[in-house]
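Okay, so here's the structure we're looking at.
Rule-based calculations on the coordinates, nothing more; no lab input. Just so it is clear, the model here is predicted, and its values are computed rather than measured. Here Cβ is always computed from backbone atoms with ideal geometry, including for glycine, and neighbour counts include all displayed protein chains.
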Amino acid sequence: MSLPIYATTGQKIWYYTFRVIVGLILFFLIAPIIIIIPLSFNAENFFTFTPKMLALDPEGYSLKHYRDFFTNPDWIRPLKNSLIIAPFATILSVSLGTLAAIGLSQSHVPFRRGIMAILISPMIVPLIISATGMFFFYSQMGLWMEETFGISKSLSGYIKVILAHAALGIPFVIITVTATLVGFDQSLTRAAANMGATPTVTFFRVQMPLILPGVISGGLFAFITSFDEVVVVLFVGAAAQKTLPWQMFTGLREQISPTILAVATVLVGISILLLTTVELLRRRSERLRGMSPS
Amino acid sequence: MAEPVLAADGTPLKASLKRALRRQKMRALLLIAPLLLFIMLTFIIPIGQMLFRSIENQIVSDTIPRTVAALDSWDHDADEVPPAPVFEALAKDMMIAAELKEHTRLGSRLNYEMSGISSLFRKSGRRVDDIGEVYTDQFTDLDPAWEDPATWVQLLAAPSWIAAGDAWDGSGAEPAFEISNDATTQFPETADIYADFARVIQTEDNDSPTEEEPWNVVYLALYNDLMANPGATAPAELAGLIDTTRSALPGFEVEDVKASFEDIDDDWISADVWETIYTYSPAYTNGYFLNAIDLQKTPDGIEWQPENEQIYLTLFWRTMLMSLTITFSCILLGYPVAWMLANLPSRKANLLMILVLLPFWTSLLVRTSAWKVLLQNQGVINDLLVWFGFVADDNRLALINNATGTIIAMTHILLPFMILPLYSVMQTIPPSYLRAAKSLGATNWTAFWRVYFPQSVPGIGAGSILVFILAIGYYITPEIVGGTKGVFISNRIAYHISSSLNWGLAAALGAILLAIVLALYWAYDRIVGIDNVKLGG
């Protein structure tokens, strides 16, 4: 949509105004995330730019909020919890989700729509409702686990949160993996079988490498869902399972400390990393799909 | 007739194909089954249980079953306090509940419907063990044998239980108490309450009925039984005791249980309390749902809540209105961006896309904290406005802890969900249509409005429903930036779960919200299709 040379002055004005408007909207989208990065290096406990910072005086900046994040047990403990819960939830949802997605992409699946609706439902139901339902059910389940298997309260707490987060992550795995499988050439598995491969070998040597980008990006979605989730863990977990978002939420609601900005900056860094990975995987997947006729 | 076509193994081809198809279906289902089971267990059943909880109300009939049964014969329209038998039933129920410490739970449950009941129950639970003491004293004065737990066991326990008790070696729990059949027919009321007494003693106190003197209400029950059935017979060893007691009964002082309850608290003589108990005695109730839409259940039917207690309809309405505002702002801001993305060369578009996807991938808490920091009274935005001279320093804008804060922050958070579907629809609109319209003489505006816009409507529809569904269920952001005026129905649900503990009402509010979301989702499925949900462009 470049401007033709015969454009009138009005058209030129509109053309540039429009670009400015779009620029402002994009600024609105990105600015709040960018602005917290310099603010997190504030040497004072303020949430706004101090005169020293504006003057670019090195004394106005410091790493003290980062130091606090990585030394304060109030933040270390939640960070550890998040790093325990999210990987387990991801493994659970990816392994079950990939299997089911392969099943769903076969040509004859009875009740396909119904099954799909059930599997996608954790994404559709508002989190507060999932959390309410899980709150009642999981507390009973926790007691049952402690009595039947004799496990400690803290372990059953982790199991509960992991199960809940796995359920929330599953729709993302299903959606991304089925999307990858749409372009998957089924004759490849037949060819492998024809040449004497068992179903297991076919799965790991033929199908898996081709759908791997979809599986990984589904896994990243599941990971970020769990890593970022606060409502369900707030209702299902106990204080021992406090995760990073939970700690941030408490911090924001009660007494906001500038450390939160350092945490936020670290999380933005993680998001950029994840976004890049997913984007690269998507491109790779498209390339692979281009190779196999669909 | 033609021969049926045969497969290689000699079976008819049709059957063979059918078998292969069946096997294929089975394999697909086997692959799906583990996940389906997992989701059922970890997600669908919890939601179902929540829905059940929104109508379930067994706590009243479970905690005070005798009272509920006795209330059946009460004429609740007459605006009178129930007759004496109801109070006697209540004394027994309350005694058991107080021992099991369940009366406070029932009190808090009924307190949702009528404030003050909670303290009434707590108070009564403390003092209910005095009721019937008059009878205990007179029975034991008459014959000290009534003080001996063994007498009661002899009178009421099943011979098989006594035998089992004798055989019991003292390790582990005592065999569970059994009431004798004779006692059930001869002394029905006593047998009924004594069975509960023995159960409570055994389970709660880890004690034995053979060593504990019964509660006062058991004496009251025996008095009633002996008065009601003069011919009742006891085991031979106790016949003499029963006979002397029976002949002394007419001279006994009688306790007015109703007066005893009045003595504990005047509220027991209030018909309102009884009407509340009566109204909420069925095992299932629509009361929570009625409360969720500002109605209340009264014995005279369904009525509006008092004016100053009507909050939920307003809250639902506000949730809808704010979600609509957010959706509309998202359309307004998302449309130009999506248009730009769809019409730029793909290299530039991909670059701009990153600006849309980065917020999408950034933690919700990060974005909410950013807004909390930016919108504060001393925050960056107000500082900038003051610096530019748009507002005076002592008159900074209140951008947070109100509806404005919620709308700004949520528009920002949900904007990518509008841009992405819009973009994918706009990509499919050929730019040549616009050029064709212009070459036929349309002005820029006509060409856009009559040709381009109608083709982008499906994108607007998909994005709007998505944003709206996400918005009405939001909890975190309104909680942090919404103050009191900018909160949604979700915040009220969370409040009932964690603070007021009125779980039934939370479940009912949740059920209503779920119904709205599912209806919208059904519409989304019709317009966009469930399989077209795409993530991250």
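7 Å from Cα along Cα→Cβ at both B:Trp449 and A:Ile21: what's the point-to-point distance in nm?
Between B:Trp449 and A:Ile21, the label points sit 1.4 nm apart.
Summarise the long-distance tail of P(r) for the range A:136-294 by giving the % of C-alpha pairs beyond 29 Å. Please report the intermediate quantities before stating the final value.
Details: 5165 of 12561 pairs.
Of all Cα-Cα pairs in the range A:136-294, 41 percent lie more than 29 Å apart.
With a 10 Å Cβ neighbour count serving as the proxy for reagent exposure, in which order, fewest first, do A:Thr225, B:Thr279, A:Thr176, A:Thr277 appear? Numbers along the way, then the final one.
Working: A:Thr225 23, B:Thr279 20, A:Thr176 31, A:Thr277 13.
Ordered from fewest to most neighbouring Cβ atoms within 10 Å, A:Thr225, B:Thr279, A:Thr176, A:Thr277 come out as A:Thr277, B:Thr279, A:Thr225, A:Thr176.
Counting other beta carbons within 10 Å of each residue's own, what order do B:Thr63, B:Thr190, A:Thr48 fall into, fewest first? Provide the component values of the computation, followed by the final result.
Details: B:Thr63 22, B:Thr190 28, A:Thr48 18.
Final ranking by Cβ density, sparse to dense: A:Thr48, B:Thr63, B:Thr190.
Could you give me the radius of gyration and the Dmax of chain A, taking only the C-alpha atoms into account and expressing both in angstrom?
24.4, 81
Taking θ as phi - 60°, what are the ³J(HN,Hα) couplings along the range A:229-239 by the Karplus curve (6.51, -1.76, 1.60), each to the nearest whole Hz, with x for Gly and Pro?
7, 10, 5, 5, 5, 4, 8, 8, x, 10, 4
Over the residues of the range B:284-325, compute the C-alpha Rg and express it relative to 2.2 N^0.38 Å.
Working: Rg = 12.3 Å, N = 42, 2.2 N^0.38 = 9.1 Å.
Output field value: 1.35.
Rounded to the nearest angstrom and ordered from largest down, what semi-axes does the equivalent ellipsoid of the range A:64-203 get from its C-alpha gyration tensor (root of 5λ)? List each step's numbers first, then the result.
Numbers: eigenvalues 263, 82, 56 Å².
Value: 36, 20, 17 Å, ordered largest first.
At q = 0.09, 0.10 Å⁻¹, what is the log10 ratio I(q)/I(0) for the protein assembly as shown, with the Debye formula run over Cα points and no solvent?
Debye curve over Cα of the protein assembly as shown, log10 I(q)/I(0) at q = 0.09, 0.10 Å⁻¹: -1.01, -1.14.
Give me the angle, in degrees from 0 to 90, between the Cα long axis of helix B:13-39 and the longest principal axis of the Cα atoms of chain B, rounded to the nearest 10.
Around 70 degrees separate the two axes.
Explain nothing, just compute: Karplus ³J(HN,Hα) = 6.51 cos²θ - 1.76 cosθ + 1.60, θ = phi - 60°, for every residue of the range B:463-480 in order, whole Hz, x for Gly and Pro.
In residue order, the calculated couplings are x, 5, 4, 4, 5, 5, 4, 5, 5, 5, x, 5, 10, 4, 4, x, 4, 8 Hz.
With each pseudo-label sitting 7 Å past Cα toward Cβ, what's the B:Arg435-B:Thr140 distance in nm, one decimal?
The answer from the label model is 10.5 nm.
Mind listing which chymotrypsin sites (Phe, Trp or Tyr not before Pro) in the range B:321-408 are in a DSSP loop and have 12 or fewer other Cβ atoms within 10 Å?
Values: sites: B:Phe328, B:Trp339, B:Phe360, B:Trp361, B:Trp371, B:Trp387, B:Phe388, B:Phe390; in loops: B:Phe390.
Answer by residue number: B:Phe390.
Quick one: order A:Thr71, A:Thr265, A:Thr276, B:Thr327 by neighbouring beta-carbon count within 10 Å, fewest to most. The partial results should precede the final answer.
Values: A:Thr71 9, A:Thr265 21, A:Thr276 12, B:Thr327 26.
In increasing order of surrounding Cβ atoms, one gets A:Thr71, A:Thr276, A:Thr265, B:Thr327.
Starting from 0.36 nm per residue, how many nanometres of slack lie between A:Ser187 and A:Glu286 once their C-alpha separation is accounted for?
Working: separation 99, 0.36 × 99 = 35.64 nm, distance 1.88 nm.
Gain on stretching A:Ser187 to A:Glu286: 33.8 nm.
Please state, rounded to one decimal and in Å, the Kirkwood hydrodynamic radius that the range B:388-428 gives when every pair of distinct Cα atoms enters the mean of 1/r.
Working: mean 1/r = 0.0777 Å⁻¹.
When all Cα pairs of the range B:388-428 are included, the Kirkwood radius is 12.9 Å.
Please list the non-local residues whose amide H lies under 5 Å from the amide H of B:Leu399, H modeled 1.01 Å from N, same-chain partners needing a gap of 5 or more.
Amide H neighbours of B:Leu399, under 5 Å, 5+ apart: none.
What FRET efficiency comes out for A:Leu83 versus A:Ala240 if R0 is 22 angstrom and r is the Cβ-Cβ distance? Round to the nearest 0.05.
Given R0 = 22 Å and the Cβ-Cβ separation, E is 0.90.
Could you pull out every one of the aspartates and glutamates with an alpha carbon less than 17 Å from that of B:Lys18, ignoring same-chain neighbours closer than 8 positions?
Candidates past the 8-residue exclusion: B:Asp9.
Residues of the range A:97-119 with amide nitrogen under 15 Å from the 7 Å Cα-to-Cβ point of B:Ala20?
The answer is A:107-108.
Kindly express, to the nearest 10 degrees and within the range 0 to 90, the angle between helix B:133-142's C-alpha long axis and the longest C-alpha principal axis of chain B.
20
Dividing the alpha-carbon Rg of the range B:142-251 by 2.2 N^0.38 Å yields what?
My calculation over the Cα atoms of the range B:142-251 gives 1.05.
Dividing the Cα radius of gyration by the Kirkwood radius, what Rg/Rh value follows for the range B:420-537? Show your work: numbers first, answer last.
Details: Rg = 20.4 Å, Rh = 17.3 Å.
Reported Rg/Rh, Kirkwood definition of Rh: 1.18.
Of the chymotrypsin sites (Phe, Trp or Tyr not before Pro) in the range A:45-100, which ones lie in a loop per DSSP and count no more than 15 other C-beta atoms within 10 Å?
Numbers: sites: A:Phe46, A:Phe47, A:Phe49, A:Tyr61, A:Tyr66, A:Phe69, A:Phe70, A:Trp75, A:Phe88; in loops: A:Phe46, A:Phe47, A:Phe49.
Sites meeting the loop and neighbour criteria: A:Phe46.
What residue among A:Gly97, A:Gly251, A:Gly23 has the largest mean-square fluctuation in a Gaussian network model of chain A, using Cα springs under 10 Å?
A:Gly23
Which cross-chain or sequence-distant (5 or more) residues have an amide H under 5 Å from the amide H of B:Leu6, H modelled 1.01 Å from N in plane?
Residues meeting the amide H criterion: B:Leu13.
As an exercise, use a Förster radius of 60 Å and the Cβ-Cβ distance of B:Ala283 and A:Ile76 to find the FRET efficiency, rounded to the nearest 0.05. Please report the intermediate quantities before stating the final value.
Details: r = 49 Å, r/R0 = 0.82.
That gives a FRET efficiency of 0.75.
How much FRET efficiency would the formula 1/(1 + (r/R0)^6) give for B:Glu307 and A:Lys12, where r is the Cβ-Cβ distance and R0 is 51 Å, rounded to 0.05?
On the way: r = 60 Å, r/R0 = 1.17.
According to the calculation, E is roughly 0.30.
Taking θ as phi - 60°, what are the ³J(HN,Hα) couplings along the range A:185-191 by the Karplus curve (6.51, -1.76, 1.60), each to the nearest whole Hz, with x for Gly and Pro?
3J(HN,Hα) across the range A:185-191, in whole Hz: 7, 5, 5, 5, 5, 5, 4.
At 1.002 mPa s and 20 °C, plugging the Kirkwood radius over alpha-carbon pairs of the range B:100-200 into Stokes-Einstein gives what diffusion coefficient in µm²/s?
For the chosen part, D equals 131 µm²/s.
If amide H atoms are built 1.01 Å from N in the plane of the peptide, which residues on other chains or at least 5 residues away come under 5 Å of the amide H of A:Asn42?
Amide H to amide H, under 5 Å and 5 or more residues apart or across chains, A:Asn42 pairs with A:Ser62.
Over the Cα atoms of the range B:1-52, each weighted equally, I'd like the Debye log10 I(q)/I(0) at q = 0.28 Å⁻¹, rounded to two decimals.
-0.96
Using only the alpha carbons, work out the radius of gyration and Dmax of the range B:1-160 in angstrom.
In Å, with Rg to one decimal and Dmax whole: 31.9, 104.
Could you give the length gained by full extension between A:Thr250 and A:Leu155, i.e. 0.36 nm per residue of separation minus their alpha carbon distance, to one decimal place? Can you show the working numbers first?
On the way: separation 95, 0.36 × 95 = 34.20 nm, distance 2.30 nm.
Full-extension gain reported as 31.9 nm.
Å³ per residue of the Cα convex hull, for chain B?
Values: hull volume 191.5 nm³, N = 537.
Cα convex hull per residue, to the nearest whole number: 357 Å³.
If you average the C-alpha positions of the range A:190-259 and of the range B:425-496 separately, how far apart do those two centres end up, in angstrom?
That distance is 29 Å.
If you build the Cα gyration tensor of the range B:313-532 and take the root of 5 times each eigenvalue, what three semi-axes come out, in whole angstrom, biggest first? If you can, show how the numbers build up before the last one.
Numbers: eigenvalues 237, 126, 44 Å².
Semi-axes from the Cα gyration tensor: 34, 25, 15 Å.
How long are the semi-axes of the equivalent ellipsoid of the range B:233-361, defined as square roots of 5 times the Cα gyration tensor eigenvalues? Whole Å, largest first.
Numbers: eigenvalues 1085, 95, 26 Å².
The answer is 74, 22, 11 Å, longest axis first.
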